[in-house]
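Here, each number is a calculation from the coordinates, and none is a lab measurement. Computed from a predicted model, the values in this text were never measured in an experiment. Neighbour counts are summed over all protein chains in view; Cβ atoms, including those assigned to glycine, are modelled from backbone coordinates with ideal geometry.
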Amino acid sequence: MIQLSHSTGKKSIKPLVIGSKIFEHNLIQGPLAGYSCAPFRKLFYQFTAPAYCVTEMISAQELVRNQKLNSRYVWRDPQETHLCYQLSGNCPDTLRKAAIIVTDLGADLIDLNCGCPKPKIRKKQCGSYLLSTPQHIAEIVAAMKSATNLPITVKIRVDGYSNERHHLAVTQAVTQAGADALIVHGRHWTDSYQVGCHLDQISEIVRTTTIPVIGNGNVSNVDDLKKMLQTGCAGVMISRAGSGKPWIFQQLLAEMSGKTYTPLSQADITHLFDQHVAGLIELIGETKALLESRKLFSYYFPDPSKRESSQIHL
């Protein structure tokens with residue numbers, strides 16, 4: 001077991017409290033569309049698991065309409081101990097119903113996605129589109145809170161260099177609506193992942209709310225983690241950097257406590273990749289799993305000559 005630091009400074013690993021839930025440490029594995037299904041999440045438990053993992057983004061409307069409870073989006077491996085279901089939508093009543101469904105599925109937390117920048121999501125007035133309607137987000141949060149006793153979190157984005165000035169209004173609205181935590185991605189929804197993370201704006205949000213703020217963006221190593229924790233955030237969400245590296249939380253926790261982490265051997269990494277693909281085959285079938293494994297391969301076995309130019313942090 002990793003011995004956690006209990007430093008009173010900002011750069012600290014410490015227990016995380018979100019609503020009624022208490023987690024051993026404050027590092028979270030975030031949602032990744034097309035990746036963070038159960039076979040991906042299960043691998044972390046061979047090492048030191050994150051405080052909790054987040055599912056792929058789930059359409060609340062699709063969940064309520066079809067309720068395919070064995071789909072890759074909602075399936076939970078029995079080994080998983082803490083899981084947050086992330087919902088996307090814009091109708092308070094639909095999200096209320098979806099919150100009931102995932103509560104019954106055994107969710108530990110529920111997250112409302114107000115950060116996805118994809119055009120197909122924004123066209124549905126979901127994801128980052130909602131940032132321009134703080135009061136509507138508050139109505140959604142209130143509806144979800146009325147349906148469950150689980151903690152409700154909201155994932156948002158900062159204003160960045162844009163002329164939009166939404167993030168403080170959204171922060172105030174969701175705080176008043178009873179959200180239990182904010183997940184703040186430090187980029188504007190139009191920013192590419194080559195744009196640096198606006199740590200100052202995450203810090204601004206931390207100072208203006210009474211609920212925990214989880215910082216997200218540009219964290220893939222211990223130095224990045226220390227910079228994010230300097231914002232005063234209660235915890236840190238790591239997303240893409242966990243792909244192909246299910247040991248990343250064990251490594252970060254060790255290095256934050258001053259220990260040297262021994263890298264895994266190539267044989268160990270190959271075994272993890274094989275486990276991941278085998279889990280996908282069981283969940284979604286061989287054809288789809290093998291197609292998906294092509295995307296996974298570059299995360300487990302990155303080309304050193306391309307690593308610096310192509311690395312993406314979420």
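Which of the lysines could a cross-linker span from Lys97 if the Cα-Cα distance has to be under 21 Å and same-chain partners fewer than 8 positions apart are dropped?
Correct list for Lys97: Lys68, Lys124, Lys145, Lys155.
From the helices alone, meaning DSSP H stretches of at least four residues, give me the mean residue ellipticity at 222 nm for the chain, per-run term -39500 (n - 2.57), in deg cm²/dmol to the nearest 500.
Numbers: 12 runs with 118 residues, N = 314.
So the calculated ellipticity at 222 nm is -11000 deg cm²/dmol.
For the chain, what relative contact order do you get, as a whole percent, if you take Cα pairs closer than 8 Å and at least 6 residues apart? Can you show the working numbers first?
Working: 604 pairs, mean separation 55.1, N = 314.
Normalised by residue count, the contact order of the chain is 18 percent.
What spacing in nm lies between the two simple spin-label points modelled at Gln176 and Asn70, each 7 Å away from Cα in the Cβ direction?
Result for the modelled spin labels: 4.7 nm.
Please tell me which of these pairs span more than 32 angstrom C-alpha to C-alpha: Lys42/Lys120; Lys21/Lys123; Lys118/Lys259? All intermediate terms of the calculation are to be shown ahead of the outcome.
Working: Lys42/Lys120 29 Å; Lys21/Lys123 34 Å; Lys118/Lys259 39 Å.
Lys21/Lys123; Lys118/Lys259, as the Cα separations exceed 32 Å there.
Provide the gained length on full extension for the span Ser162 to Ala33, in nm with one decimal, where the gain is 0.36 nm per separating residue minus the Cα-Cα distance. Let's see the in-between values first.
Numbers: separation 129, 0.36 × 129 = 46.44 nm, distance 2.53 nm.
Full extension from Ser162 to Ala33 adds 43.9 nm.
Listing Ile214, Ile100 from the residue with the fewest other Cβ atoms within 10 Å to the one with the most, what is the order?
Values: Ile214 25, Ile100 15.
In order of increasing Cβ crowding within 10 Å: Ile100, Ile214.
Using Cα centres only, tell me the gap between segment 64-120 and segment 185-203 in whole Å.
A separation of 25 Å, based on Cα centres.
What percent antiparallel are the DSSP beta bridges of segment 16-256, to the nearest 5?
Counting only bridges with both partners in segment 16-256, antiparallel ones make up about 10 percent.
Modelled label-to-label distance, Tyr261 and Arg122, 7 Å Cα→beta-carbon offset: nm?
With each label placed 7 Å out from Cα toward Cβ, I get 3.4 nm.
Need one number: convex hull volume per residue for the chain, Cα atoms only, in Å³. Show your work: numbers first, answer last.
Details: hull volume 40.4 nm³, N = 314.
That works out to 129 Å³ per residue.
Once you put a point 7 Å from the Cα of Leu290 and another 7 Å from the Cα of His82, both along the Cβ direction, what distance in nm separates them?
Computed distance between label sites Leu290 and His82 equals 3.9 nm.
How charged is the neighbourhood of Cys53? Take every other residue with its Cβ under 12 Å from the Cβ of Cys53, and add Lys/Arg as +1 and Asp/Glu as -1. Don't skip to the end; give the middle numbers.
On the way: positive: Arg41, Lys42, Arg76; negative: Glu56, Asp77, Glu80, Asp108, Asp111.
Counting the neighbours of Cys53, the net charge comes to -2.
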